[in-house]
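Please read the structure below before turning to the comments.
The values are calculated or read from the model by the stated rules, or taken from the named source; none is laboratory data. Since the structure is predicted, the reported quantities are computational estimates derived from the model, not experimental observations. Cβ: placed from backbone, ideal geometry, glycine included. Neighbour counts: every protein chain shown.
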Number of protein chains: 4
Amino acid sequence: MDKPKKRYWKARLHEIIYEADTPVGKLFDIILLVTIIASIILVMLESVKTFDTKYHDFLNISEWVITILFTLEYIARLITVKKPYKYVTSFYGIIDLLSTIPKYISLVFGGIHALAALRALRLLRIFRILKLVRYLGASNTLLKALKASRVKISVFLFTVIIIAIILGTIMYLIEGDEAGFTSIPASVYWCIVTLTTVGYGDISPATPFGQFIASIVMILGYGIIAVPTGIVSAEYATQTRASKGKDENVQLNSQSCSNCLSEKHRDGAEFCYNCGEKLHP
Amino acid sequence: MDKPKKRYWKARLHEIIYEADTPVGKLFDIILLVTIIASIILVMLESVKTFDTKYHDFLNISEWVITILFTLEYIARLITVKKPYKYVTSFYGIIDLLSTIPKYISLVFGGIHALAALRALRLLRIFRILKLVRYLGASNTLLKALKASRVKISVFLFTVIIIAIILGTIMYLIEGDEAGFTSIPASVYWCIVTLTTVGYGDISPATPFGQFIASIVMILGYGIIAVPTGIVSAEYATQTRASKGKDENVQLNSQSCSNCLSEKHRDGAEFCYNCGEKLHP
Amino acid sequence: MDKPKKRYWKARLHEIIYEADTPVGKLFDIILLVTIIASIILVMLESVKTFDTKYHDFLNISEWVITILFTLEYIARLITVKKPYKYVTSFYGIIDLLSTIPKYISLVFGGIHALAALRALRLLRIFRILKLVRYLGASNTLLKALKASRVKISVFLFTVIIIAIILGTIMYLIEGDEAGFTSIPASVYWCIVTLTTVGYGDISPATPFGQFIASIVMILGYGIIAVPTGIVSAEYATQTRASKGKDENVQLNSQSCSNCLSEKHRDGAEFCYNCGEKLHP
Amino acid sequence: MDKPKKRYWKARLHEIIYEADTPVGKLFDIILLVTIIASIILVMLESVKTFDTKYHDFLNISEWVITILFTLEYIARLITVKKPYKYVTSFYGIIDLLSTIPKYISLVFGGIHALAALRALRLLRIFRILKLVRYLGASNTLLKALKASRVKISVFLFTVIIIAIILGTIMYLIEGDEAGFTSIPASVYWCIVTLTTVGYGDISPATPFGQFIASIVMILGYGIIAVPTGIVSAEYATQTRASKGKDENVQLNSQSCSNCLSEKHRDGAEFCYNCGEKLHP
């Protein structure tokens, strides 16, 4: 095989794997998506004991098929990018590796419980395919609103935790061991369960005074839920108004540079905005 | 019966069934509404075993009466529309058929559990009568807001499900079988129960570390409920502003007393607040 | 006692009972408020069996004292208004009567459980004293916002109930009697418990498919809570903005006409806006 | 030691303890923060019986170390302020004392349960170090919004409590003792648990009619959560808009006056705005 041909073949593979705009690229993405979802369902079914004992061989073979497919994909990605090291150390590179190797390790060390669950990380790979951020709107109003209200929400959550610790300690003093308030950490856990209006009922006050304090905790939790909602609503509205004037006509597409892996190029871009590499060689 | 007479009779029937603006049309709608509600209550009561054994005959006869009434209505609708095929394949046409036939099928195959419940679909027919969309306001502000934020809410829900699967898998590894985390699907179910702040308590963490992770899940769920609310609030506000042009209710009106000339009387005031003179002589 | 003197005495009593702007009127209101709260606490304590058996005599005597005080107040109100019939048939007139008579009836028929609880209605009388609406701000922005979104919230709640009935029926078919889904009404009850994120856990799905449907119900409930919040937020914001430009200097006060009992007269009003009666005879 | 030297030494100590802008002051704050968090974790672990019996000596010695450190800090604070009485009676002065003495009291009276928990108050000291209010943004938009909607939220919470008492009484009449509705206070507690969508399930209706009323309570609670959220959202948005025009460039820093303890001086301030004392002597 001569060199130019090989280069062409690599560029073609790069297009299939990294770009969703060509028919073959789209097909590749859809197959990958289906494989990931199928593999997640397999991981789930494997954890159901009655199912695992009944269909153990089927699950084992399917898992091997998927693992080999993911291995091939990993190798293809490694080959087609110009700087493989950059891919290996990138977020998705680590996820790809971690979600592929558990089956190989199980060959050497036997099926380790925790390793098997590592495969659930494959879920995160869905985000790469769907390129979800694009759906949030060109202006990413929501992300901007969340970023703008980040500090305020942190302070709010911090305050909630302080309230939970203090009220939890008070409940520990009021209620005895019988109602489940066996220690301060358990009481704080109860307080978070109540403040967030989850209310399992595994621990619940038994004395009238404890129920009185619990009522205050509930109404408090019911009231303060308004705060983060209010913050996000107002910030979101502000961001929406702010982005009204901007020109939002230029779309960013999903192709990625074969040299530096940077994404979100302008539609119609011929060269990478980051490293100057030609985008369609 | 000559043809014009028949045509007139069909047009009249069409008016009664499909239009709510004539007195007879209104009466038809009200009778239909009452019948539907009565039939829903019958379906419900029939499922209560103690009630069913006691009043089985009454329930059976009532159900036959309602089924025959609905059959007549179905036939009438078929006759009066110009394109019966279009009605049969329309959403309400299918609902009408599915909610009428179970009793007839039970004649042949006996009372099948699942078939009987099909009758609950009759509920959907209420929407046709009430023409509910009309009540949402002429501008359909709410529907527009929901439509505008549809993609964002979908992405949000998708993210919630991904979080639930990953955190559920982690909890499956931390907590043992004793606490109810018997498989990954069960743990994901627990995670959704907790994230949405429902909190049944059928599965709840027993180990301190599990309770710690659960607390994080709860606070996360408590925090992210702000996101859809913020989106809908802001979009709704935008839609409201867009569709402006309505009159605002005024508390104090601008009329002046013919005796003492004082202004700003309450809306609906009959006498002057200052001199007691009648305002509309 | 000559007639003018008696009329003056009646006018004075009217002022004390119905107006909160004079010192004596304020004192009357505070005494009434304390009495009502004390009587509510008595009703509550009476229902606690251990407390009732221990302090039965104390509770009985206190209840008689409060009943007699309320009787005197009722008679005073009857005397001082010009049209007693109007007072008796008014909302607060009925509340006053219903919350006073149970003790008298118990003399004749003995202590009836349900009657004793009627006294809890006394709570509603607090609203008259506090004239709570005033605290909501002169423009009643919140009430206007709720009124403006009334229809939308009704449609929303109606939709929630329809969803609950249909999903409840589906769950009744999926889950058996063992999990608590014994009838359609019980399943609908479960569905409301879940949709509103209350989640008692007295009924909870046991089969994997049931848990799957339940997860959908939860995420649905978690999502649609955004709708009423969004409506109220946006309407409230609209009302706030609308009331910014208006002249809000004229306050409506809490005095009531001695003739027709209508309230919320303009500050400085000399005559009733409804019947033309002089307000301060 | 001559007098000026001593005065310099006191001023230096004041700077370290009360100001976070110098490197030494920052270091002091970080050490204090770590000590407080460590002490909170100790209090928590001590309450876990299995942990306490195993590591009793370690916990005891650590607690003594922390208590002595806090005692030294308390004395240092007393010495460096000009008006020690003012510090002792201030909010943080009382918190400092209460969270330090329990260990000393336990020497005389033995380990009293409730006293040990007093140490949880140390948590409140975190707020002093973090000076959290600063993070809320220069304009304190959130606090302003909460303050502006304070009265409305109070009226709202008051209304919720009234609803809880009335509906709780109704449920007490409908449901018997078997379902847990043993008294009116217990029923009111259940009603708050339900209205706030917490839903423990320790008390839950058993009769069909009780479940019907409970459903209404849930939908009510689900609906009225929109009210505080709507208020806070709208007020927050108003505050955000209002603070747009203002000059927000001047920051307030965290140093405190050595004379009157007042905080939040303007950046670059040389003299206390409250008492005129020089800030950096």
Margin query: Criterion first (in contact (Cβ under 8 Å) with a residue 40 or more places away in the chain, in a helix (DSSP H, G or I) and among the hydroxyl-bearing types (S, T, Y)) does A:S62 satisfy it?
Written below: no
Check: Would you pick out the residues in region D:42-58 that are surrounded by 11 or more Cβ atoms within 10 Å (Cβ to Cβ) and under 20 Å from A:G180 (Cα atoms)?
Finding: D:V43, D:M44, D:L45, D:E46, D:S47, D:V48, D:K49, D:F51, D:D52
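Of all the helices (runs of 4 or more DSSP H) wholly in region D:134-223, which have at least 1 residues that are within 11 Å of chain A (Cβ to nearest Cβ), closer than 17 Å to A:V227 by Cα and not polar (S, T, N, Q)? Spell out how you get there, then give the answer.
Values: elements: D:141-148, D:150-174, D:184-195.
Counting at least 1 such residues, we get D:141-148, D:150-174.
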Note to self: Just to be sure I understand the filter: pairs with C-beta atoms under 7 Å, separated by 6 or more residues or on different chains, first member in region C:143-161 and without any contact (Cβ under 8 Å) to a residue 24 or more places away in the chain and surrounded by fewer than 17 Cβ atoms within 10 Å (Cβ to Cβ), second member hydroxyl-bearing (S, T, Y) and outside any loop (DSSP other than H, G, I, E, B). Which pairs pass?
What the structure shows: C:V151/B:Y135
Next item on the list: Taking the options B:E19, B:E15, name whichever one is surrounded by 15 or more Cβ atoms within 10 Å (Cβ to Cβ), over 25 Å from B:I101 (Cα atoms) and without any contact (Cβ under 8 Å) to a residue 40 or more places away in the chain.
Entry: B:E15
Check: Which one of C:I37, C:I30 is without any contact (Cβ under 8 Å) to a residue 40 or more places away in the chain, within 24 Å of the chain's Cα centre (by Cα) and assigned by TED's automatic domain parsing to the domain that holds C:R122?
Finding: C:I30
Notebook entry, point to check: What pairs can you find where one residue is in region C:69-97 and not assigned by TED's automatic domain parsing to the domain that holds C:Y18, the other is assigned to a loop (DSSP other than H, G, I, E, B) and modelled with pLDDT of 85 or more, and their Cβ atoms are less than 7 Å apart, with a gap of 6+ or different chains?
Noted result: none
Notebook entry, point to check: Is one or more of the residues making up region B:67-80 within 24 Å of the chain's Cα centre (by Cα), farther than 30 Å from C:A234 by Cα, β-branched (V, I, T) and modelled with pLDDT of 85 or more?
Noted result: yes
Notebook entry, point to check: Taking region B:184-215 only, how many residues are surrounded by fewer than 22 Cβ atoms within 10 Å (Cβ to Cβ) and in contact (Cβ under 8 Å) with a residue 40 or more places away in the chain?
Noted result: 1
